[in-house]
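Asker: Structure incoming, see below.
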Amino acid sequence: MFSQLTEVGRQSIRKMAEIIGLSKDRVMRSLKSLSQRNRYPESSFWETEEGYYWLRLLVFAVLFEFGIKANQGADRLSTFFKRVRLERHVGVSPTALRSLLTRMEEELTRYQEIQGKQPSGTPREIIASGDETFFNEMMVLVLMDLSSGYVIVEEEAGDRSYETWRSKAEARLNQLGLKVRHFVSDRAQALIKLALDGFGCAAGADIFHAQHEVGKWLGVAFWRMLGHANKAVRTAKQGLESLRNRHANPTAIDAAEKQVEQAEADKDAIQRERDKYSETQQEVSTSVHAFSLEDNHRKTSAQVEAQLQQQMDRFQAIAQANSVDDNKGTLDKVRKQIGDLASIVDGWWLWVIESLVGYGLGKEKQDWLLYILLPVIYWHQQMEKSQHAELKKVYRKAWKKALAMWESHTMTLAMSSEEINQWLSWSEWISAKFQRASSAVEGRNGWLSQMHHNGRGLRPKRLNALTVIHNFDLKRRDGTTAAERLFNRQFPDLFEWLVGQMGELPLPRQPGQLSIPNPLNLQGVAA
């Protein structure tokens with residue numbers, strides 16, 4: 001190769017080799033490789049320092065966002081990199097990418113080990129919730145802090161017994177310096193025992209599951225009745241249209257028109273009953289709150305229980321009026337949960353009062369804080385969290401009423417902005433501790449199910465990596481991660497830290513050509 005060059009070319013290669021400190025043949029091979037790589041207009045950019053830095057960022061970002069977070073396979077990622085013409089600059093074969101993904105999973109786990117170590121001291125109190133989810137033969141236990149969204153436990157388990165839950169939960173809680181003050185869950189006996197015996201706290205019922213139980217019974221019944229009513233209306237209208245097309249006698253047409261009117265009237269009656277059911281479901285949701293919607297007065301668990309019992313009576317009346325049988329005893333089941341559903345109200349108020357003990361506030365300032373400022377922040381948080389349009393309107397109305405009272409209060413006008421900001425921060429913190437549903441855990445379970453589907457399975461290492469990403473990378477609209485909300489401090493940016501740990505990109509390799517001889521091509525046999 002070197003001998004085929006002109007004298008000028010050979011001299012240039014010699015000088016280059018002397019400067020670099022390599023043999024002239026190695027310089028020649030490198031130049032040849034470079035010429036083979038530079039096939040496209042953008043290829044030369046990847047050979048620069050800036051280009052390589054950006055190329056490295058691109059590869060790791062794709063692996064992080066799509067390979068890990070979206071659980072896409074290495075074959076699809078390899079195809080993507082080849083489509084953007086990177087296969088001659090980086091090793092992007094499925095095998096090479098799987099090695100990078102494995103390394104990334106290990107580094108993500110190491111990140112949580114480094115950042116998750118909390119200094120010893122007074123444990124942080126949390127409102128927790130737990131549930132299990134199933135993927136074919138795999139069962140995953142999920143334990144979460146509801147106010148911050150931090151996933152405390154997300155591990156594969158062989159069973160969902162109390163002993164298994166406790167062994168996994170206690171280790172992580174001790175490691176993170178956390179103490180469960182209130183536990184919200186469905187009525188699984190293992191979870192109730194975990195709260196009472198394992199955590200030593202109240203076992204609050206979950207409003208999400210309670211309303212879901214009623215919906216499966218009464219809501220589904222109305223859905224069926226409306227389906228039959230709509231079908232009856234369509235059938236009556238088709239019969240009337242057929243009679244008109246055949247120019248039937250007026251008496252038959254009049255009878256068909258009355259049949260259509262009756263079918264529509266029956267449908268409207270069912271719809272009105274269904275609206276009553278929907279309104280009652282909404283009242284169940286608006287009952288379980290720390291403040292009254294009407295006047296922002298402090299509520300008690302006893303008041304919430306009384307309201308929920310009235311709503312259960314209303315469900316029963318609606319069911320009887322529409323001949324919907326409660327064969328599975330759904331109402332009795334939900335009634336038994338009312339006390340545990342309402343317990344969060346008194347428990348939260350106790351937490352509120354305890355958190356103010358060290359401030360030494362006078363009665364006037366404490367009343368201003370609890371009944372003037374706190375409702376403003378409380379209803380604003382409820383309004384922001386709710387995804388239901390009607391509930392959002394109800395909470396907005398309560399928030400505006402509380403805001404008007406706060407703005408016109410004499411203490412608000414007399415207090416300094418620094419002190420108001422202090423109490424605003426406290427109100428935001430304590431309001432977030434009012435948690436009455438485990439819907440965040442259910443949402444996490446649904447997301448894990450999607451990841452399981454995307455990747456045709458979830459390996460333990462990938463599950464661990466997804467947990468770290470949820471805690472330290474995913475952000476709410478305020479720009480905070482779950483870890484920042486729970487521990488009230490900043491953490492190093494997860495992706496930037498990860499890029500710094502991943503090392504260099506793998507070098508590309510020329511794939512060998514697999515030759516399969518044709519057994520019918522018998523060239524060694526005479527014709």
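The values are calculated or read from the model by the stated rules, or taken from the named source; none is laboratory data. The structure presented is a predicted model; accordingly, all values stated were derived computationally and were not measured. Methodologically, a virtual Cβ is constructed for each residue, glycine included, from the backbone with ideal geometry; neighbour enumeration extends over all protein chains shown.
Asker: Within the stretch 128-150, track down each residue that is under 8 Å from VAL441 (Cα atoms) and in contact with a Lys or Arg (Cβ under 7 Å, 6 or more places away or on another chain).
Answerer: VAL142, MET144, listed by residue number.
Asker: Also, quick follow-up: What do you reckon, is GLU294 closer than 20 Å to LYS392 by Cα, in a loop (DSSP other than H, G, I, E, B) and without any contact (Cβ under 8 Å) to a residue 40 or more places away in the chain?
Answerer: Judged against the criteria, GLU294 is a match.
Asker: Could you check GLN435 against (1) modelled with pLDDT of 90 or more; (2) in a helix (DSSP H, G or I); (3) touching a Leu at 6+ places or on another chain (Cβ under 8 Å) and say which number it fails?
Answerer: (2)
Asker: With the condition kept exactly as written, say whether any residue in the stretch 266-275 is part of a helix (DSSP H, G or I), surrounded by 15 or more Cβ atoms within 10 Å (Cβ to Cβ) and without any contact (Cβ under 8 Å) to a residue 24 or more places away in the chain.
Answerer: No, every residue in the stretch 266-275 fails to be part of a helix (DSSP H, G or I), surrounded by 15 or more Cβ atoms within 10 Å (Cβ to Cβ) and without any contact (Cβ under 8 Å) to a residue 24 or more places away in the chain.
Asker: Report the residue count in the stretch 398-419 for those that are part of a helix (DSSP H, G or I) and without any contact (Cβ under 8 Å) to a residue 40 or more places away in the chain.
Answerer: Number satisfying all stated conditions: 13.
Asker: Ok, one more. Look at GLY347 and say whether it is in contact with a His (Cβ under 8 Å, 6 or more places away or on another chain) and assigned to a helix (DSSP H, G or I).
Answerer: Yes, satisfied.
Asker: Mind listing whichever residues of the stretch 465-487 are exposed (fewer than 12 other Cβ atoms within 10 Å of the Cβ) and within 18 Å of LYS433 (Cα to Cα)?
Answerer: Selection gives ASP478 alone.
Asker: If you take the residues of the stretch 71-106 that are touching a Leu at 6+ places or on another chain (Cβ under 8 Å), touching a residue at least 60 places away in the same chain (Cβ under 8 Å) and closer than 24 Å to ARG509 by Cβ, which of them is surrounded by the fewest Cβ atoms within 10 Å (Cβ to Cβ)?
Answerer: GLY91
Asker: Moving on to the next point. Have a look at GLY121, GLY51 and point out the one that is modelled with pLDDT under 95, out of contact with any strand residue (DSSP E or B) (no Cβ under 7 Å at 6 or more places or on another chain) and assigned by TED's automatic domain parsing to the domain that holds LEU463.
Answerer: Among GLY121, GLY51, only GLY121 is modelled with pLDDT under 95, out of contact with any strand residue (DSSP E or B) (no Cβ under 7 Å at 6 or more places or on another chain) and assigned by TED's automatic domain parsing to the domain that holds LEU463.
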